[in-house]
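Inspection log for the structure reproduced underneath, given as structure tokens.
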Amino acid sequence: MMENLMPDVGAFLLGAPKSGTTWLANVLEQHPGICISNPKEPNEVATHRGTFGRNVGEPDWERYAGCFKGEGLKMDCSVHALACPVAPNRVAEHWPEARFVVCLREPVSRTISHWGMVLDTEEDVQNGADWSDFASAWRDQRLSCDTLYGDCMRRWLECFPRDRFLLLDSKRMRDESSTVLAEVAEHFGVEAFDFDLHEVHNANTADDRRPLTFFGRGFRLVASMVPKFLKGPLVSMLQKRGVNIYKMPVLSKGRMAREIPDISELSALTEELRADLELLEALTGFDTSAWRIENW
């Protein structure tokens, strides 16, 4: 029975929050030969369901199959799967021929940005944590696991050969967008495509991350109850236009200004990163020399 429900997924977009994955998924949606998951992050295959969410149960395969509508190479964009210890074996079991794009960003700035995003949305408090102090937040494995790229890739490479993975620096995605997109198309074995980058709006920007008001939380609750087939077209239209209704003052409040963590707060992070980046380079050959960890 399960075999009948299993979608033929051929590609996965992996990465970490604040590494350009949302932008890349939005761009690839234009390609007629690629079927992007809807929602973009189905969060079924991995046990990691976001920064804090964890679900060690079996995936809902029926729901998962419904996340792929359309022709072309089916691509799951659940980026948190990169750091999930269960996902590599699960993907290898069901899709042994899968290919992967992994979006990486200079790890110190990525971690600070991720930490700030959580504080902006108050997601730490909502999950019984206090990340107000960066050093304490780093000690929480739910933050650090997404930054230790070498450790993540070690698990994936135990299940798949190196040539299945295309590793991308988010800076290259910004500076060499057309070249990177051509590399992605070639890696996935789909035809080259002339992407319209002007149609892709910046996603998940700092200005979008505003704590919700009482009315905002109520609106989100009501919206979550509306069937996907009813709200889907409206949500897609707003996303394509770069409209975030939660930025309305009645639904959210302004972000609190905060200082960048100082050297003492970053010391544990930078110490772990040096060994992890050496591991990443040894396993994948990915050049991290531009990531000057010692400058932090």
**Study point:** Footprinting exposure proxy for T179, T284, T111 (fewest neighbouring C-beta atoms within 10 Å first)
**Key:** T179, T284, T111
**Study point:** For the range 91-134: Kirkwood Rh in Å [reciprocal of mean 1/r, alpha carbons]
**Key:** 13.0 Å
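Can you sort H80, H198 by how many other beta carbons sit within 10 Å, fewest first?
Fewest-to-most ranking of H80, H198: H198, H80.
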Practice item. Multiply the residue separation of E62 and Q141 by 0.36 nm, subtract the distance between their alpha-carbon atoms, and state the gained length in nm to one decimal. Key: 25.4 nm
**Study point:** Separation of the Q126 and T270 label points, Cα + 7 Å toward Cβ, nm
**Key:** 3.3 nm
Practice item. Find how many whole Å separate the alpha carbon centroid of the range 104-123 from the alpha carbon centroid of the range 1-68. Key: 22 Å
Review point. Where does each of V118, V86 land when they are ranked from fewest to most other beta-carbon atoms within 10 angstrom?
Key: V86, V118
Review point. When only alpha-carbon atoms count, how far does the range 67-213 stretch along each of its three principal axes, as whole angstroms with the largest first?
Key: 46, 39, 30
Study note, to complete from the structure: Row for the range 1-113, column shape: gyration tensor on C-alpha, a ≥ b ≥ c, rounded if a/c < 1.5 i.e. under 1.5, prolate if a/b over b/c, else oblate; value oblate
Exercise for review: For R162 and I263, calculate 0.36 nm times their separation in residues minus their Cα-Cα distance, and state this gained length in nm to one decimal.
Suggested key: 32.8 nm
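A short reminder: the numbers here are calculations on the coordinates, not readings from a lab. Everything quoted here is computed from the prediction, not taken from an experiment. Every residue, glycine among them, receives a Cβ derived from its backbone with ideal geometry; neighbour counts consider all protein chains shown.
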